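Notes follow the structure.
Quick note: the coordinates plus some simple rules give every number you see, no bench work behind them. Here the structure is a predicted model, which means the values were calculated and not measured. Every residue, glycine as well, gets a Cβ built from its backbone with ideal geometry; the counts of neighbours run over all protein chains shown.
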Amino acid sequence: MEITIDHKHFKVRSEGLHGELVRIKEWNQFGYFSCLVNRSCLRWLKEMFSEALSWNRRDIFFRKFRRDGYCMWMQLENSRFGEFARITQMMNNGRRKGLIIPQGSQGIGWKGFRGLMEDVLSGGRNTRIHEKENQSLMVVSKSRVREQGNGGWVEMHKENTPANNKGDANA
């Protein structure tokens, strides 16, 4: 599955023999960045984005997850461009990788990214659409959703792979 938040594109997909690993990839006009994590870390990230959506702005948000071979942390920050989540993965050999996910208007970026992780964890069978206050939601097709808020937008769609098109004659 892919999602676009403002000017950044994100892709989350299962890898490995049995889909036990998940690659999170970010790309924009400057290049691309990716992290390879296991499913328990993806579940942790999904919970952290749920927690971030109810975050009290006066408190510091810094959470850490340790796994064999790497440590991952998530912190919420802001700049003149708005609020964003910085996800950093530190390997045991000292190599560091990072992703930056913008909050988007009224949190739709973080909500969309959390929904993307939910869909990957459920095997792509459980894409959910939530109605939100003061936002319009437009379903383009069964496999494509576009959400528009005040000044920002999130677009989410499944990849066109034979596995996604199998059994779905309308897509």
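Listed from fewest to most Cβ neighbours within 10 Å, the set 70, 32 follows the order 32, 70. The relative contact order of region 1-85, computed from alpha carbon pairs under 8 Å that lie at least 6 residues apart in sequence, is 14 percent.
Taken about its Cα centre, region 1-120 carries a charge dipole of roughly 300 debye when the Cβ of each Lys and Arg holds +1 and the Cβ of each Asp and Glu holds -1. Stretched out straight at 0.36 nm per residue, the stretch from residue 30 to residue 62 would grow longer than its current Cα-Cα span by 8.9 nm.
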